[in-house]
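Written out below as structure tokens is the structure these notes cover.
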């Protein structure tokens with residue numbers, strides 16, 4: 001005889017309360033389950049086909065999702081179990097369906113969104129006008145603009161074989177290729193914590209990461225200026241003449257070593273300050 005759900009028990013309830021100003025619906029369902037063996041494991045009981053699955057099964061009214069499942073063995077018949085399923089309409093932002101019978105190192109992490117402050121130097125204002133003096137000459141230093149960047153913080157189970165050295169190499173790195181639709185070098189990964197222990201019955205590593213997104217890339221940016229420039233492949237001093245006197249100046253360049261058009265700001269050069277690694281090799 002196969003394991004089977006005999007039916008729904010008469011016991012059950014529904015509750016409506018307030019959570020954060022929103023109505024919260026909670027329901028309880030109890031099922032009678034008959035196992036083919038009195039020595040069946042508790043996990044086998046909760047895995048019987050027809051029982052609700054955590055984070056997957058929706059209640060009969062369609063208002064709540066299964067949040068927990070527990071089983072209690074009958075004192076009279078060791079093959080008979082009462083399985084209690086708790087449902088709730090409370091939403092967890094960014095949550096993903098997780099099957100507790102699967103390997104946690106394959107679970108998609110649940111993330112928390114936060115925001116970080118970052119400053120950048122710009123040679124244009126929000127109207128895309130060059131920041132220049134009244135004579136139309138661009139200021140070489142530009143202006144500093146404060147920005148707020150989104151970041152996602154999450155925990156991830158990993159095999160215990162992942163070493164501390166591997167974790168350290170991941171810290172303060174950027175994505176070498178497009179990851180989760182974000183272009184290369186626009187995601188900065190920080191390791192917030194990592195420890196090896198016994199989780200869900202096995203030795204695993206639990207690591208907390210943070211991904212910060214900057215659409216303008218996590219690179220060091222400098223204005224392209226210098227006292228020399230290239231003309232026809234020849235390096236020449238960057239000079240200016242005033243009142244018949246010629247002096248060497250630090251002038252704006254176009255990113256290829258040549259002078260810019262008069263009045264234009266210098267090009268912006270980018271330099272890597274974080275190592276680039278393949279996030280898809282270990283982040284889920």
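The values are calculated or read from the model by the stated rules, or taken from the named source; none is laboratory data. Predicted model, so just to flag it, every value in this text is computed and none were measured. Quick reminder, even Gly has a Cβ in these numbers, built from the backbone with ideal geometry, and neighbours come from all protein chains shown.
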Scope the range 228-277; condition under 46 Å from the mean Cα position of the chain (by Cα) and without any contact (Cβ under 8 Å) to a residue 12 or more places away in the chain; matching residues: 228, 233, 260, 261, 262
Every residue from the range 200-258 that is exposed (fewer than 13 other Cβ atoms within 10 Å of the Cβ), under 30 Å from residue 112 (Cα atoms) and touching a strand residue (DSSP E or B) at 6+ places or on another chain (Cβ under 6 Å): 220
Residue within the range 84-105 that is modelled with pLDDT under 90, under 22 Å from residue 208 (Cα atoms) and in a helix (DSSP H, G or I) present: yes
Selection count where residues are over 16 Å from residue 153 (Cα atoms) and outside any strand (DSSP E or B), scope the range 187-214: 2
Test set (1) without any contact (Cβ under 8 Å) to a residue 60 or more places away in the chain; (2) in a strand (DSSP E or B); (3) within 27 Å of residue 131 (Cβ to Cβ) - residue 221 fails condition number: (1)
Selection within the range 1-39 - at pLDDT below 90, farther than 13 Å from residue 86 by Cβ and within 40 Å of the chain's Cα centre (by Cα): 16, 17, 18, 19, 20, 21, 22, 23
